[in-house]
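Written below as structure tokens is the structure these notes are about.
What follows draws every value from the coordinates through simple rules; no lab data is involved. Every value quoted in this text rests on a predicted model; they were computed, and no experiment measured them. All Cβ positions, glycine included, derive from the backbone under ideal geometry; neighbour counts span all protein chains shown.
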Amino acid sequence: SQQGEEDPQALSIQEGENATMNCSYKTSINNLQWYRQNSGRGLVHLILIRSNEREKHSGRLRVTLDTSKKSSSLLITASRAADTASYFCATDSFTGRRALTFGSGTRLQVQP
Amino acid sequence: GAGVSQSPSNKVTEKGKDVELRCDPISGHTALYWYRQSLGQGLEFLIYFQGNSAPDKSGLPSDRFSAERTGGSVSTLTIQRTQQEDSAVYLCASSLEARMNTEAFFGQGTRLTVV
């Protein structure tokens, strides 16, 4: 099964609203990363949060990490139609597989 | 090159044929990953290379799948005797050494269709 599971699977909002996506994982991590994917092709890195960090900001993005609950959230503020994409969390674990492990993604639709 | 390059972009093959997918990572990146993504699904890990270490092949779905990385750079993913369930987008990514808090850079993928 996937290390990371995103919630919700799909999200539809109006332009200007905020979008929140959640990710849960199972094992201890070194860091957690969020990626964006347009049109089912290459993924683009958005933000990386280390295991000793609790919150991180990048532009309109805000990521939180709660290692006690093994969960993270990605908040996109003041969404735009161009934010329409799939968003994935990926975990870099201390043990086991060294490759990034991805969740199943949240498909975000921002209506203009 | 400036980014991760994958070729071909699209590949249509007949069931039972062998295919080779190529990935050219970013120069200097020691870690290279292959993932597979079926339509509307998440990324399924296939194989991971890190420098001169033995690759992690734990994600390869069957012995029809193999991959190599020559000279620590270009990687080839080979699928023998392709089946229709192999149809997917195959994504390659590279990064500086794993567990060093660095991001992965993805290619645009190869869309494989087995007919």
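Here are the numbers for this structure:
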quantity	calculated
Counting DSSP beta bridges with both ends in the protein assembly as shown, the antiparallel % (nearest 5)	90
Estimated FRET transfer efficiency when R0 is 45 angstrom, pair B:Ser38-B:Asn101 (beta carbons, to 0.05)	0.90
Under 22 Å between alpha carbons - lysine pairs in the protein assembly as shown that sit 8 or more apart or on different chains	6
Between the stretch B:15-80 and the stretch A:55-86, the Cα center-to-center distance that results, in Å	30
GNM flexibility winner over chain B from B:Val12, B:Val89, B:Val74 (Cα, springs under 10 Å)	B:Val12
Listed residues A:Ser93, A:Ala10, A:Leu75: farthest to the positive end of the dipole of the stretch A:5-111 (Cβ charges)	A:Ser93
Debye equation applied to the C-alpha atoms of the protein assembly as shown, log10 I(q)/I(0) at 0.07, 0.09 Å⁻¹	-0.22, -0.36
Potential extension, A:Asn38-A:Ala82 segment - 0.36 nm per residue separation minus Cα distance	14.9 nm
For residues of A:98-108, the mean tally of beta carbons on other chains within 10 Å	6
Simple label model, 7 Å out from Cα along Cβ direction - A:Gln109 to A:Ala10, nm	0.6
Per-residue average of Cβ from other chains inside 10 Å of B:35-45	5
Rounded to the nearest 20 debye, dipole of chain A from Cβ charges on Lys, Arg, Asp, Glu	320
Radius ratio Rg over Rh of the stretch A:5-111, counting only Cα atoms, Kirkwood formula for Rh	0.96
FRET efficiency, A:Ser51 to B:Arg81 (Cβ-Cβ, R0 35 Å, nearest 0.05)	0.25
Candidates per GluC sites (Glu not before Pro) in the stretch B:49-104, loop by DSSP, up to 16 other Cβ within 10 Å	B:Glu97
Chain B, relative contact order [Cα under 8 Å, separation at least 6], %	38
Largest to smallest principal axis extent of the C-alpha atoms in chain B, angstrom	40, 26, 25
Spin-label pair B:Lys17/B:Ala54, simplified geometry with 7 Å Cα→Cβ offset, distance in nm	3.5
Electrostatic dipole magnitude of the protein assembly as shown [Cβ: Lys, Arg +1; Asp, Glu -1; Cα centre; debye, to 20]	80
Sequence-distant residues sharing a close amide H with A:Thr84 (under 5 Å, placed H)	A:Val110
